[in-house]
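The values are calculated or read from the model by the stated rules, or taken from the named source; none is laboratory data. Bear in mind the structure is a predicted one, so any value in this text is a computation, not a measurement. Reconstructed Cβ throughout: ideal geometry from the backbone, glycine too, with neighbour counts over all protein chains shown.
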Amino acid sequence: MPADNEAPSGGNRKAAASARGAARLMAVQALYQIEIRGGTADATVMEFLEHRTEIVDEDGDEKIRLEADKELFVDLVRGVVREKTNIETVLDSLLDGGGTAERLEPLLRAIMKAGIFELQTRSDIPAKVVISEYVHLTDAFFDSREPGLVNAVLDRLARVLREDEVSNKDTAGDGAGH
């Protein structure tokens, strides 16, 4: 997070981070929809961009427009769908106790697939930020062990894919780098 005395460009970084967070939320929702209802990545992307860019506030009173990073949103949805087999193989290898991706709740599976794809393909976004964002997103939907599972899975992958970024001394899901 930018320091309080940072130059005005810090606000632009914060807005960009917020737009990326909105893109991740929308991507996870789109991937969940594709898994539950079927449909193509392209049709689902178009539906979300045209009709699903608003959420209801916590009180249920007001709609809030998501200002999402559309490029990241499209990249995540199309990429996860395109690389589904590879991503599921990676996810299966990262789960403890012989678990498989198919045994996970569909929303949790969508979160992990998006996180795996982003770690694999978006080296422009620091691994710690990717992990923290998906843990935070998981925490918004689940109350139990799921955020810890997402943290563990994405941290394991980051240590393999981006070992230069993530040292053994670091705590991957600590929220650093926002």
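Could you identify the single residue in Ile111, Ile131, Ile116 that is in contact (Cβ under 8 Å) with a residue 40 or more places away in the chain, in contact with a Ser or Thr (Cβ under 6 Å, 6 or more places away or on another chain) and not in a loop (DSSP other than H, G, I, E, B)? Walk me through it before giving the result.
Details: Ile131 fails: in contact with a Ser or Thr (Cβ under 6 Å, 6 or more places away or on another chain); Ile116 fails: in contact with a Ser or Thr (Cβ under 6 Å, 6 or more places away or on another chain).
Answer to the selection: Ile111.
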Selection count, segment 33-81, where residues are within 18 Å of Leu107 (Cβ to Cβ), of a type outside the set (A, V, I, L, M, F, W, C) and either crowded, with 18+ Cβ neighbours inside 10 Å or modelled with pLDDT under 70 (or both): 3
Scope segment 82-133; condition closer than 24 Å to Ala22 by Cα and small (Gly, Ala, Ser); matching residues: Ala110, Ala114, Gly115, Ser123, Ala127, Ser132
Cβ-Cβ under 7 Å pairs, at least 6 apart or on other chains, segment 75-88 side farther than 14 Å from Leu157 by Cβ, far side of a type in the set (Asp, Glu): Leu76/Glu118
